[in-house]
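For reference, the structure is listed below as structure tokens.
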Amino acid sequence: MMHICEILDMKYVNKGEVIEFISENKEKVYFLKNGTVKIVNRDSDIAKYIVNKGNIFGELVLYDQEAANEQQAVALDDCVICSIEANQMTDLMNQHESLKNEIFKVYGLRIKKLERRLQDLLYKDSGTRIKEFILDYILDFGKSNNDRIIAKNLLSHKDIAHLTNTSRQTVSNAMSTLRKNKIIDYNSQYISINKK
């Protein structure tokens with residue numbers, strides 16, 4: 001029986017580089033070993049969600065090739081990715097029920113996040129959506145440093161606007177207010193909050 005490490009291709013990807021889910025006529029699933037990527041709509045360049053290290057992306061190709069072809073990943077910083085051809089991944093999932101369950105779990109969590117975004121859109125104002133998104137981003141992608149949690153500031157105001165269904169100007173205003181009220185602090189490289 002083939003071990004997963006024997007069939008994974010490891011590759012270094014530079015910040016800003018595009019990662020295709022279907023390339024060289026091969027459908028691929030990716031494991032993000034290091035770095036951060038955003039998944040975007042190929043035509044509109046609208047950010048759909050963010051993936052941090054230790055997670056899988058491109059798994060949509062296993063279930064819906066047409067939908068997967070409408071997406072691509074963009075490296076938000078220098079990344080190390082491992083890829084596997086979709087048919088090999090399917091074989092492994094069929095051999096290992098636990099792997100299949102983990103893939104479904106990841107997919108299920110993404111659906112839950114999308115449902116939450118929809119609920120937020122219906123019931124929360126834009127300032128609240130932006131604040132909660134930024135706080136979640138820092139907690140998910142940040143690291144503890146003394147009395148603060150600090151994350152790389154990888155998202156543009158345009159990305160945050162897409163991910164919160166607001167405008168870029170609304171994001172700029174909300175972030176300035178959050179900084180003024182000492183809820184967050186940020187510069188071009190980092191964004192942080194106080195530990196509670």
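Table for the structure above
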| quantity | calculated |
| --- | --- |
| Some residue of the stretch 25-33 being basic (K, R) and either without any contact (Cβ under 8 Å) to a residue 12 or more places away in the chain or more than 23 Å from L155 (Cα to Cα) (or both) | yes |
| First in the stretch 184-196 and in contact (Cβ under 8 Å) with a residue 60 or more places away in the chain, second anywhere and in a strand (DSSP E or B) and open to solvent by 20 Å² or more (accessible area, probe 1.4 Å), Cβ under 9 Å, 6 or more apart | none |
| Test: K53 is in contact with a Leu (Cβ under 8 Å, 6 or more places away or on another chain), at pLDDT 80 or above and open to solvent by 80 Å² or more (accessible area, probe 1.4 Å) | yes |
| All positions within the stretch 136-183 that are among the aliphatic types (A, V, I, L, M) and within 26 Å of V40 (Cα to Cα) | I138, L139, I150, A151, L154, L155, I160, A161, L163, V171, A174, M175 |
| Filter result for the condition that a residue is at pLDDT 80 or above and either open to solvent by less than 90 Å² (accessible area, probe 1.4 Å) or over 21 Å from D9 (Cβ atoms) (or both), over V61, V106 | V61 |
| Test: K143 is of a type in the set (K, R), open to solvent by 50 Å² or more (accessible area, probe 1.4 Å) and closer than 20 Å to A73 by Cα | no |
| Subset of the stretch 84-97 (residues that are assigned to a strand (DSSP E or B) and open to solvent by less than 10 Å² (accessible area, probe 1.4 Å)) | I84 |
| Residues within the stretch 41-83 that are part of a loop (DSSP other than H, G, I, E, B) and free of Cβ contacts under 8 Å to residues at least 60 places away in the same chain, tallied | 11 |
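Every residue, every condition in (1) open to solvent by 90 Å² or more (accessible area, probe 1.4 Å); (2) farther than 26 Å from G16 by Cβ, yes or no:
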{"residue": "L118", "(1), (2)": "yes, yes"}
{"residue": "L135", "(1), (2)": "no, yes"}
{"residue": "R148", "(1), (2)": "no, yes"}
{"residue": "L154", "(1), (2)": "no, no"}
{"residue": "K158", "(1), (2)": "no, no"}
{"residue": "S167", "(1), (2)": "no, no"}
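The values are calculated or read from the model by the stated rules, or taken from the named source; none is laboratory data. Given the structure is predicted, the values throughout are model-derived calculations rather than measurements. Positions of Cβ are generated from backbone atoms using ideal geometry, with glycine treated the same way; all protein chains shown enter the neighbour counts. All accessible areas refer to the heavy atoms of the entire protein, side chains included, with ligands and DNA or RNA removed. Shrake-Rupley method; radii C 1.70, N 1.55, O 1.52, S 1.80 Å.
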